[in-house]
Amino acid sequence: MINLLDTAAPSWDDPIEMLYACHGKVKKFCNQINKLPDYLQQNGCNDIAKQAITQICTYFNRAAPLHHEDEEQNFFPELVQFYPLAQPIISELENQHIDLHENWRLLNQQLSAVLQGERDALDSLLIQQFTQGYAKHIPQEEQLFEWGKQHIPAENLRKIGQMMAARRQ
């Protein structure tokens with residue numbers, strides 16, 4: 001049957017597609033973050049801004065750390081087992097995770113202050129640092145995802161998916 005609505009979603013049976021889906025959400029939220037300074041300047045922290053900020057914070061406080069754990073604890077070790085040449089890139093990506101988390105910590109403080117009415121603007125340089133960090137990071141990781149599809153056996157991928165799902169229960 002043709003899915004005219006294109007509503008198919010990845011499942012834990014295909015963990016690499018789940019990782020890609022997370023990247024899609026990161027890109028969406030980074031786009032929203034980039035728009036926030038102008039929006040806040042023009043409209044203040046109205047209900048629309050509050051809803052967007054809440055969604056952004058929820059994602060980066062909950063889902064993004066789980067995504068990085070999925071990669072660092074499950075996907076990366078499995079990839080190195082079957083494709084050792086990935087190790088230098090993995091090491092770089094793990095260092096980037098540290099920077100991404102620190103940039104988020106700082107941005108999250110500002111977003112929370114906006115929500116609480118303690119500030120009315122965001123640091124554009126911090127936003128740029130945060131969103132450009134992900135813009136650099138995502139394509140590098142997605143190369144690893146493709147290597148994972150090529151080199152990690154299907155049974156091992158299923159196990160990765162099960163561990164990722166268990167992390168969320």
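For the reader, a short list of remarks on this structure follows.
- Residues in the range 109-160 that are assigned to a loop (DSSP other than H, G, I, E, B) and either small (G, A, S) or closer than 27 Å to N43 by Cα (or both): Q116, G117, E118, R119, D120, A121, L122, D123.
- Here L125 passes the criteria (1) of a type outside the set (S, T, Y); (2) within 18 Å of P65 (Cα to Cα); (3) out of contact with any His (no Cβ under 9 Å at 6 or more places or on another chain); (4) surrounded by fewer than 18 Cβ atoms within 10 Å (Cβ to Cβ) except the one numbered (2).
- Selected residue [surrounded by 17 or more Cβ atoms within 10 Å (Cβ to Cβ), closer than 22 Å to E141 by Cα and modelled with pLDDT of 95 or more] from H101, H68: H68
- Of all the listed residues (Q73, Q129), the sole one being free of Cβ contacts under 8 Å to residues at least 40 places away in the same chain and polar (S, T, N, Q) is Q129.
- Residues of the range 49-80 satisfying the condition of being β-branched (V, I, T) and closer than 30 Å to G117 by Cα: I53, T54, I56, T58
- Criterion violated by L40 - all others in (1) within 19 Å of I152 (Cα to Cα); (2) surrounded by 15 or more Cβ atoms within 10 Å (Cβ to Cβ); (3) in contact with an Asp or Glu (Cβ under 7 Å, 6 or more places away or on another chain); (4) touching a residue at least 24 places away in the same chain (Cβ under 8 Å) satisfied: (1)
- Set side by side, the residues E78, E102, E71 differ, and just one is among the charged types (D, E, K, R), in contact with a helix residue (DSSP H, G or I) (Cβ under 6 Å, 6 or more places away or on another chain) and outside any loop (DSSP other than H, G, I, E, B), which is E78.
- For the range 51-88, the set of residues classified as over 21 Å from K149 (Cα atoms) and among the aromatic types (F, W, Y) consists of Y59, F60, listed by residue number.
The values are calculated or read from the model by the stated rules, or taken from the named source; none is laboratory data. If you're wondering where the values come from, they're calculated on a predicted model, not measured in any experiment. Note that each Cβ is placed from the backbone with ideal geometry, even for glycine, and that neighbours are counted across all protein chains shown.
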